[in-house]
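Note sheet for the following structure.
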Amino acid sequence: MQRDQRSLVGTALLLTGSHEQAIRLVLRSFHTVALSWPPPVWENPTTHAQIALYRRFLQRPSAAGATALVRLPARQRLLVVACLHDGRTRAEMAAVLGVPEETVRTEIAEAVETLTKGDEKRLVARMATAAGEASVPDLSALCVRTLKRRRVRGVLLTVAAALVPVALIVAFTVLQRGEVLNSALGGRGGVEAIEGHEPVRAIATPTPAPSPTGSPADTGASPGTTPSKAASPKAAPPGTTASPAPWRAPRTSSVIRYAVPARCPGEGTPARDGDVVCAGWTLRLAPGASANAAPGDCEGGSCESTVSVPDAAQRLAHGDGKRPRLDPAISRDGRRIAYLSAAERRYVAHDLGSGVKRYLSPVLVPADTEKGTLVRVSPDGRHFTVVLGERRLRTDFTTGALTSVPATRELPADRATPWLSERYGTWAGSPNGRYAAAVGGGKAVHRDARGPLGLHVIDTAARRVLRRLPLPEAGRPAEGAVVSWLNGREVVVRMSAADGDEPLGLFRVNAVTGRAHRLAGLPADAALVLGAATAL
């Protein structure tokens, strides 16, 4: 508070035009920050206080002064002060206000034209001078005193809320006992029997004695059922599902070979944007010593097992009806997995060997998923990166440290995502982010006027195709789609018949030589996320 109070009061003075209202606005923003203290590691307290001040101002805008700035509309005034005086970017303010970035730019340009005939530097200097003239008392003692009062008030309200139901239970018990006592003494407060009618009584249903023959009629069960089934609770109504609990990873030496999505039930009532509408993945585990062995080493697959992760989200609701699948991230050694938790509404990561769990993001809000979200893992399995719209959060699993990745440190594949999605639709980035792979020119793998179609290996920084490799011969017209990179040199491609959905198999294609081999032991008819499959 002592560090930021001068700058915040200056900002509030520009917004309101009054010292008194400015100090009141700053105190309210400090209260907002303090009530959620300590801040998460990914949040800057100064930024939190500024955004809290902006939102408080928009809730109850005021203009007490006579300057030209306070004559602007409230939102336009806020955008000018936040972007030109406080240094907030247009994109940040668009996210805070929930409006397009182009709207923010247009309103700032109109305000600058109104105030200084388009001279932005002159307006910035005038605002800096006006903010520097702010008279700022020490607000820390006043704010702490106010917070203490609010804390005492909150404790009293909590105690009162806890005592009310206790008092109601005690009163009900006393009344019941008094009623019974009056009846026993023959007082008027008892319930008297009406002549000719027996008072109504609640009689517990007697438990039938077990029959020596054990027939269904003696136990009260219907024919064809056992006594235990007859006594079991009723099943949940059709169409209703229980919310999955946070998944607890089993401590095991086994590793994850691959993951496939579970079947989603039919959609019910429309969900809000950002809600998880489908969750559940199934992991195929193999013993750690055999993780790099071919599937044939397991007789009948007995050395492998499956584990269900009902908490892993598959799809999120969106206003346009599109619900892209959310894939988990599995380390190349198959020992760690990360996904969006449907129960906790945040990204989590698990280590199967140690049972350690890490949180990779704060609890998500609809704005975080509006432009898509995903999680990636580094080739060594140590660092996890979560993409939330424009933000990228990187977590070191070993230490638990979480940092924000600036735009200058984004992988080339991240910067080329819009271009790749528009040109190819389905594509996959290499582990180092320098390259991408996609089926080029379309899906059908046959000769046409443009020649044979095949696998494109793209330089994501230069946005050009480095190699055009032929796809595996399927013996008939087929469609191909890139599943993922198996390692730094090989790509997994799924082939299916062009005239239907019949799967033709999975192939590993060397992105340098173009040599292709069929992958055995993997489901070719389902979405797939590979883990410890480097020796397949």
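The values are calculated or read from the model by the stated rules, or taken from the named source; none is laboratory data. Model, not experiment: these values are computed from the prediction. Here Cβ is always computed from backbone atoms with ideal geometry, including for glycine, and neighbour counts include all displayed protein chains. The area values use the complete protein model at the heavy-atom level, side chains included, leaving out ligands, DNA and RNA. Shrake-Rupley method; radii C 1.70, N 1.55, O 1.52, S 1.80 Å.
Of the helices (runs of 4 or more DSSP H) lying entirely inside segment 1-94, those containing at least 3 residues that are more than 30 Å from Thr106 (Cβ to Cβ) are 19-35.
Scan segment 384-398 for residues that are in contact (Cβ under 8 Å) with a residue 60 or more places away in the chain and within 14 Å of Ile337 (Cα to Cα) and the total you get is 1.
Residues in segment 258-273 that are modelled with pLDDT under 75 and either in contact with a helix residue (DSSP H, G or I) (Cβ under 6 Å, 6 or more places away or on another chain) or open to solvent by 60 Å² or more (accessible area, probe 1.4 Å) (or both): 8 in all. Taking the criterion of being assigned to a loop (DSSP other than H, G, I, E, B) and within 33 Å of the chain's Cα centre (by Cα), the residues of segment 481-524 that qualify are Leu486, Asn487, Gly488, Arg489, Asp501, Gly521, Leu522, Pro523, Ala524. Would you mention how many residues in segment 412-443 are without any contact (Cβ under 8 Å) to a residue 40 or more places away in the chain, open to solvent by 60 Å² or more (accessible area, probe 1.4 Å) and either among the β-branched types (Val, Ile, Thr) or out of contact with any Asp or Glu (no Cβ under 9 Å at 6 or more places or on another chain) (or both)? Number satisfying all stated conditions: 3. Restricting attention to segment 42-51, does a residue exist that is open to solvent by less than 80 Å² (accessible area, probe 1.4 Å) and under 13 Å from Arg77 (Cβ atoms)? No - not one qualifying residue is present in segment 42-51. Here is the figure for segment 122-145: residues that are open to solvent by less than 60 Å² (accessible area, probe 1.4 Å), touching a residue at least 40 places away in the same chain (Cβ under 8 Å) and part of a helix (DSSP H, G or I) total 9.
Anything in segment 111-121 that is exposed (fewer than 13 other Cβ atoms within 10 Å of the Cβ) and either of a type in the set (Phe, Trp, Tyr) or under 18 Å from Asp86 (Cα atoms) (or both)? List them, or say none. Lys121 - this is the single residue of segment 111-121 that is exposed (fewer than 13 other Cβ atoms within 10 Å of the Cβ) and either of a type in the set (Phe, Trp, Tyr) or under 18 Å from Asp86 (Cα atoms) (or both).
Under the condition of being hydroxyl-bearing (Ser, Thr, Tyr) and surrounded by fewer than 22 Cβ atoms within 10 Å (Cβ to Cβ), which residue from segment 296-340 is modelled with the lowest pLDDT? Only one residue tops the list, namely Ser302. Note on segment 277-295: residues that are closer than 20 Å to Thr373 by Cβ and at pLDDT below 85 amount to 1. Exactly one residue out of Arg476, Arg467 is modelled with pLDDT of 80 or more and either surrounded by fewer than 20 Cβ atoms within 10 Å (Cβ to Cβ) or not β-branched (Val, Ile, Thr) (or both): that is Arg467.
Listed here are the strands (runs of 3 or more DSSP E) enclosed by segment 352-425 that have at least 3 residues being under 23 Å from Val529 (Cα atoms) and among the hydroxyl-bearing types (Ser, Thr, Tyr), and there are none. Residues that are among the β-branched types (Val, Ile, Thr) and in contact with a strand residue (DSSP E or B) (Cβ under 7 Å, 6 or more places away or on another chain) occur at least once in segment 394-402. The residues listed here are Ser243, Ser232, Ser222; of these, the one that is at negative phi, modelled with pLDDT of 50 or more and either surrounded by fewer than 16 Cβ atoms within 10 Å (Cβ to Cβ) or more than 25 Å from the chain's Cα centre (by Cα) (or both) is Ser243. Output the number of the condition that Arg56 fails; it satisfies all remaining conditions of (1) open to solvent by 60 Å² or more (accessible area, probe 1.4 Å); (2) of a type outside the set (S, T, N, Q); (3) more than 29 Å from the chain's Cα centre (by Cα). (3) is the only condition that Arg56 fails.
When you look at Val104, is it out of contact with any strand residue (DSSP E or B) (no Cβ under 6 Å at 6 or more places or on another chain) and either open to solvent by 80 Å² or more (accessible area, probe 1.4 Å) or assigned to a loop (DSSP other than H, G, I, E, B) (or both), yes or no? Quick ask: steps written out before the conclusion?
On the way: out of contact with any strand residue (DSSP E or B) (no Cβ under 6 Å at 6 or more places or on another chain): yes; either open to solvent by 80 Å² or more (accessible area, probe 1.4 Å) or assigned to a loop (DSSP other than H, G, I, E, B) (or both): no.
For Val104, the condition - out of contact with any strand residue (DSSP E or B) (no Cβ under 6 Å at 6 or more places or on another chain) and either open to solvent by 80 Å² or more (accessible area, probe 1.4 Å) or assigned to a loop (DSSP other than H, G, I, E, B) (or both) - is not met.
Reported count of residues in segment 358-382, each being among the β-branched types (Val, Ile, Thr), in contact with a Lys or Arg (Cβ under 9 Å, 6 or more places away or on another chain) and surrounded by 15 or more Cβ atoms within 10 Å (Cβ to Cβ), is 1.
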